[in-house]
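Peer 1: Quick one: this structure, given as structure tokens, is what I'll be asking you about.
The values are calculated or read from the model by the stated rules, or taken from the named source; none is laboratory data. Owing to the predicted nature of the structure, the values given are computational and were not obtained by experimental measurement. Ideal geometry is used to build each Cβ from the backbone, glycine not excepted, and the neighbour counts take in all protein chains shown.
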Amino acid sequence: MSDQEKLIRSVIGTVIAQEHQWLASSAGRDNLATYTPWMPFPWPDFVALVAEAFPETTGDKYLEVGAGVGTKMMLAEAIFGLDVHGVERVPEYVAAARERGLPVEEADALGWGGYGNYDIIFFNRVFQDRGLQERLEQQVWADMKSGAVVIAANLLAPPPATWYPILDDGEVRRWILQKP
């Protein structure tokens, strides 16, 4: 087994362990009416979505909105060699991600303004509040740079019709879209 294969195996093991550990935690459950509690997107599905989006990307700068403890960032970095960054509002999650050397910024997704700096943006239903989630989605769509790819799960509304669909599951659940 090569060193890269060993690294990927180790990262997957860490991702599984961390997701189980933090799902049992009460961190981030302070405002359930506004924010969705951390619900990690299934890691095998995440890897498949990034693999499908990867050929369409023009660069390697990856952003996760609602990064949690950084498990998807770990996979994006180890498997795809992406330059990862995350935004997360829960201090305990930010601290856990930073302990692993992941660059996660403590910020609320709606107040954060760096969406135009990334080639790939991933998020999975950050807000429980429908109006806030729709505002976030519209902000991301507006701020993304041309050619950037968004991988999103549990969307409330699709992005603009002019965007190029890389994957559309037809139920506004999982999307990979490229901004023209």
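Peer 1: Counting only residues that are in a loop (DSSP other than H, G, I, E, B) and crowded, with 16+ Cβ neighbours inside 10 Å, which one in region 157-180 is modelled with the lowest pLDDT?
Peer 2: Ranking the qualifying residues of region 157-180, first place goes to 159.
Peer 1: Out of 84, 69, I need the residue that is without any contact (Cβ under 8 Å) to a residue 24 or more places away in the chain and among the aliphatic types (A, V, I, L, M). Which one?
Peer 2: Details: 69 fails: without any contact (Cβ under 8 Å) to a residue 24 or more places away in the chain.
Being without any contact (Cβ under 8 Å) to a residue 24 or more places away in the chain and among the aliphatic types (A, V, I, L, M) holds for just one of 84, 69, which is 84.
Peer 1: Can you name every residue in region 114-135 that is surrounded by fewer than 21 Cβ atoms within 10 Å (Cβ to Cβ) and either modelled with pLDDT of 90 or more or among the β-branched types (Val, Ile, Thr) (or both)?
Peer 2: Result: 114, 116, 117, 119, 131, 132, 134, 135.
Peer 1: Going through region 12-33 one residue at a time, which ones are of a type outside the set (D, E, K, R), exposed (fewer than 14 other Cβ atoms within 10 Å of the Cβ) and modelled with pLDDT under 70?
Peer 2: Residues of region 12-33 of a type outside the set (D, E, K, R): 12-18, 20-28, 31-33.
From what is left, the residues that are exposed (fewer than 14 other Cβ atoms within 10 Å of the Cβ) are 13, 16-17, 20-21, 23-24, 26, 31-33.
Within region 12-33, 26, 31, 32, 33 meet the criteria.
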